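Chemist: Have a look at the structure that comes next, please.
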Amino acid sequence: MMNLIIAATQRCGSTMILEDLRNANVFGLPEEYFIPWYNSEKIINVKRELEHIKRKSRGANDFSSVKIMADQLKCIDRKLTGSKLTPSGQCGSQFMPSVAALFRKSYWVYVKREDVLRQAISRHMSIETKINHATKNDTDSHFAGNLLRGYTASYNESARYDFQKIKRHCSNIVMENIIWANFFEVNKICPLTLTYEQLCSDGDFAYLNGIADFIGVDFQVDSGSFPRRQMVKLSNRKNDDWYFKFLADVNGP
């Protein structure tokens, strides 16, 4: 169905990776195409919708890729099962069997973030500001949603700290990573795992070579000429302040 699936959780850095994959011009046009499936009653013809996703996610070399979030798995599986396009017995799985069957020939790249607290703060900040991503210049175009065109450090001045909500985001992130771990284990999938922290510390695009080797695509990145990201980092001093405030609140007075 799709050549490459990016498995992720919200605010783990996966959109940054998607931009690099798109800029490479050999990994298709990955995006979060399954968002409309949250309102699955609107998806009437599942086969037609899947064909539409494949067309949108396909690059010039006919390679296609898509991103799936852990919290999307259940609704995708339910809709696939209802459509009977992927009978559960096809792969013998007991956990998200229809998703496993549909993508049984796909390669999986799993993106996660080691610092769950910073990821949780990023989630809470995005809800407070209604901004998920930003570009450096206000004239930049980008495929990401909830986009701030032209980053300014004051964008989150009015965001409100909330210990309980951040704590809840931490719990949700842990559960979503457990969901992915179980999905991979039960369905005997061995993904290539990338961490946000490692990609940031490397500071270049060489990790794309690892993805190319993993999936058998002929590609070698030239970091000197590779297109720079339009998307910029949203996190600023306020994120750091919340991080240490949360740790102080956990330890109590």
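Chemist: Probe of 1.4 angstrom, ligands and nucleic acids ignored: what's the accessible area per residue over the chain, in square angstrom?
Modeler: Dividing the accessible area of the chain by its residue count gives 51 Å².
Chemist: Moving to a separate point now. Between GLN220 and LYS54, what is the label-to-label distance in nm when each label sits 7 Å out along the Cα-to-Cβ direction?
Modeler: 3.3
Chemist: Still on this structure, please answer the following. Mind checking the full-extension length gain between ASN23 and ARG78? Use 0.36 nm per residue of separation minus the Cα-Cα distance, one decimal, nm.
Modeler: Working: separation 55, 0.36 × 55 = 19.80 nm, distance 3.30 nm.
Contour length minus the Cα-Cα distance gives 16.5 nm.
Chemist: Continuing with the same structure: What distance in nm separates the simple spin-label points at LYS42 and SER171, each placed 7 Å from Cα in the Cβ direction?
Modeler: Simple spin-label model gives 3.0 nm for this pair.
Chemist: Another question, then. Please give every one of the lysines within straight-line cross-link reach of LYS188, meaning a C-alpha to C-alpha distance under 16 Å, and leave out same-chain neighbours fewer than 8 residues apart.
Modeler: LYS105
Chemist: How far apart, in nanometres, would the label points at ALA181 and LEU247 be if each is projected 7 angstrom from Cα along the Cα-to-Cβ direction?
Modeler: In this crude label model, ALA181 to LEU247 measures out at 2.3 nm.
Chemist: If THR193, THR9 are ordered by their accessible area, calculated over protein heavy atoms with a 1.4 Å probe, which sequence runs from highest to lowest?
Modeler: The most accessible residue leads, giving THR193, THR9.
Chemist: Between their Cα atoms, which of LYS47/LYS136; LYS74/LYS130; LYS130/LYS245; LYS112/LYS245; LYS167/LYS233 are more than 27 Å away from each other?
Modeler: Violating the 27 Å limit, Cα to Cα: LYS47/LYS136.
Chemist: Given 0.36 nm per residue, what is the gain on full extension from GLU197 to GLU114 after removing their alpha carbon distance, in nm?
Modeler: Gain on extension, GLU197 to GLU114, equals 29.2 nm.
Chemist: May I ask you to compute the full-extension gain from ILE127 to ASP140, defined as 0.36 nm times their residue separation minus their alpha-carbon distance, rounded to one decimal in nm?
Modeler: 2.4 nm
Chemist: Which value, in debye to the nearest 20, gives the size of the charge dipole of segment 33-179 about its Cα centre, when Lys and Arg are +1 and Asp and Glu are -1 at the Cβ?
Modeler: Details: 25 positive and 14 negative charges, 88 e Å.
Result for segment 33-179 is approximately 420 debye, rounded to the nearest 20.
Chemist: If you don't mind, there's one more thing I want to ask. What is the dipole size for the chain, taken about its Cα centre, with +1 at each Lys and Arg Cβ and -1 at each Asp and Glu Cβ, in debye to the nearest 20?
Modeler: 840
Chemist: Hey, another quick one. Any chance you could give the angle, 0 to 90 degrees and rounded to 10, that helix 116-129 forms with the longest Cα principal axis of the chain?
Modeler: Helix 116-129 and the main axis of the chain meet at about 80 degrees.
Chemist: Can you give me the angle between helix 237-251 and the longest principal axis of the chain, using Cα atoms only, in degrees from 0 to 90, rounded to the nearest 10?
Modeler: Relative to the chain, helix 237-251 is tipped by roughly 90 degrees.
Chemist: While we're looking at this one, here's another question. For the chain, which whole percent of the accessible surface, found with a 1.4 angstrom probe, sits on carbon and sulfur atoms?
Modeler: 49
Chemist: Under the classification rounded if a/c is under 1.5, otherwise prolate if a/b is larger than b/c and oblate if not, where does segment 190-247 fall, given a ≥ b ≥ c as square roots of the Cα gyration tensor eigenvalues?
Modeler: Values: a/c = 3.86, a/b = 1.88, b/c = 2.06.
Here segment 190-247 falls in the oblate category.
The values are calculated or read from the model by the stated rules, or taken from the named source; none is laboratory data. Here the structure is a predicted model, which is why all the values come from computation and not from measurement. FYI the Cβ positions are ideal-geometry reconstructions off the backbone, even for glycines, and counts take in every protein chain you see. For accessibility, only protein heavy atoms count, side chains too; no ligands or nucleic acids. Shrake-Rupley method; radii C 1.70, N 1.55, O 1.52, S 1.80 Å.
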